[in-house]
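The values are calculated or read from the model by the stated rules, or taken from the named source; none is laboratory data. Just so it is clear, the structure is predicted and the values come from calculations on it, not from any experiment. Glycine gets a Cβ as well: all are built from the backbone with ideal geometry, and neighbour counts include every protein chain shown. When the accessible area is computed, the model is the full protein with side chains, heavy atoms only, and any ligands, DNA or RNA have been set aside. Shrake-Rupley method; radii C 1.70, N 1.55, O 1.52, S 1.80 Å.
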Amino acid sequence: RTLDNSYLMVLGIAYLFVACLDLLHALAYKGMNVFPGHETNLPTQLWIAARYMESISLLIAPLFIGRRIKIGPLFSAYGAGFLFVILLIFVWKVFPDCFLEGLGLTLFKRTSEYVICSILATSLLLLFKRRDDFDKSVFRLLVTSISLTIASELFFTFYVHAYGLSNLFGHLLKIASCVFIYRALIVTGLHKPYKLLSGNLKKGQLALKRSEERYRNLVESLQEGCLLYTSPSPR
């Protein structure tokens with residue numbers, strides 16, 4: 001309620017639906033037996049869909065810095081996007097193939113990873129341009145999370161099968177990325193909420209504090225008494 005910087009609010013809502021796609025991605029693996037009849041293509045499709053949602057959210061989030069947003073419409077928009085992805089993959093089955101048994105990664109999947117990395121790099125650049133609007137520790141956490149996500153995606157561009165080392169390292173980096181975004185959004189918000197205040201509000205508080213100190217020093221240094229008269233407000 002006290003924030004006029006909706007960057008973190010956008011990410012908070014976005015990561016809820018990204019997490020839902022990632023959960024489906026994990027459940028879709030062949031050994032889980034949750035979606036029988038599906039091979040490696042299904043979890044790979046869900047992974048790519050989740051990464052597109054995540055990267056695009058990080059790209060548009062800086063546009064909401066210094067603005068207030070209504071949570072309801074934003075939540076509904078992400079919910080509709082999540083439902084659309086589910087329909088594309090499970091119902092209409094028109095989402096492009098990402099992994100073909102015996103052939104490996106498809107061109108769409110490889111290209112998507114590089115596109116996602118480009119989107120994430122652009123979001124990182126936009127974040128650096130608005131770094132003064134964030135507490136330094138929160139800014140570092142966000143930068144680290146996005147950088148680890150980029151590294152994670154690069155590992156996913158050349159694995160041969162779903163249980164290879166590059167796939168393992170990619171998932172480990174993704175987990176690390178989630179830890180940092182968790183610390184930026186949740187831990188800081190619960191234990192040090194003042195760090196999530198926007199830069200403009202912090203600057204205003206700092207200016208008020210300096211003004212208070214300046215007038216206190218002025219009064220304490222006066223050799224004569226002083227009288228402060230405030231005229232009554234007109235009725």
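Quick one: pull the percentage of alpha-carbon pairs in the chain with a separation above 24 Å. Walk me through the numbers on the way to the answer.
Working: 14920 of 27495 pairs.
The calculated P(r) of the chain puts 54 percent of pairs beyond 24 Å.
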* Asked: Which value results when the Cα radius of gyration for the stretch 66-167 is divided by 2.2 N^0.38 Å?
  -> 1.37
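Whole number in Å², please: accessible area per residue of the chain, 1.4 Å probe, ligands, DNA and RNA not counted. Don't skip to the end; give the middle numbers.
Working: 14090 Å² over 235 residues.
So the chain comes to 60 Å² accessible per residue, rounded to a whole number.
Take every Cα pair under 8 Å in the stretch 1-126 that's 6+ residues apart, average their separations, divide by the length, and report that relative contact order as a whole percent.
On the way: 135 pairs, mean separation 40.8, N = 126.
This gives 32 percent for the stretch 1-126.
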* Asked: Straight-line reach from residue 174: which aspartates and glutamates have Cα under 13 Å away, leaving out those fewer than 8 places along the same chain?
  -> 22, 54, 153
* To do: Could you rank the peptides 154-160, 212-218 by their average count of other C-beta atoms within 10 Å per residue, with the highest value first?
  => 154-160, 212-218
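State the percent of C-alpha pairs, over all pairs in the stretch 22-100, separated by a distance greater than 20 angstrom. Can you show the working numbers first?
On the way: 1241 of 3081 pairs.
More than 20 Å apart: 40 percent of the Cα pairs in the stretch 22-100.
Cβ neighbours within 10 Å, averaged per peptide: list 92-98, 68-74 in order, most packed at the top. Please list the in-between numbers first.
Working: 92-98: 13.9, 68-74: 11.0.
Ranked by mean Cβ neighbours within 10 Å, highest first: 92-98, 68-74.
Roughly speaking, what is the stretch gain from residue 26 to residue 38, that is 0.36 nm per residue apart minus the C-alpha to C-alpha distance, in nm to one decimal? If you can, show how the numbers build up before the last one.
Numbers: separation 12, 0.36 × 12 = 4.32 nm, distance 1.29 nm.
Gain on stretching residue 26 to residue 38: 3.0 nm.
Less than 12 Å Cβ to Cβ from residue 19, Lys/Arg counted +1 and Asp/Glu -1: what total charge do the surrounding residues give? Show your work: numbers first, answer last.
Working: positive: 174; negative: 22, 54.
Net of charged neighbours comes to -1.
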* What helices does the chain hold that run 15 Å or longer along their axis, going by alpha-carbon atoms, with a Kyte-Doolittle average of 0.0 or more, using DSSP H for the helix calls? -> 7-27, 41-60, 71-86, 107-129, 136-155, 165-182
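Which value at 222 nm does the chain reach when only helices count, each DSSP H run of 4 or more adding -39,500 (n - 2.57), with the total divided by all residues and rounded to the nearest 500 deg cm²/dmol? Could you put the intermediate results ahead of the total?
Numbers: 8 runs with 145 residues, N = 235.
Rounded to the nearest 500, the figure is -21000 deg cm²/dmol.
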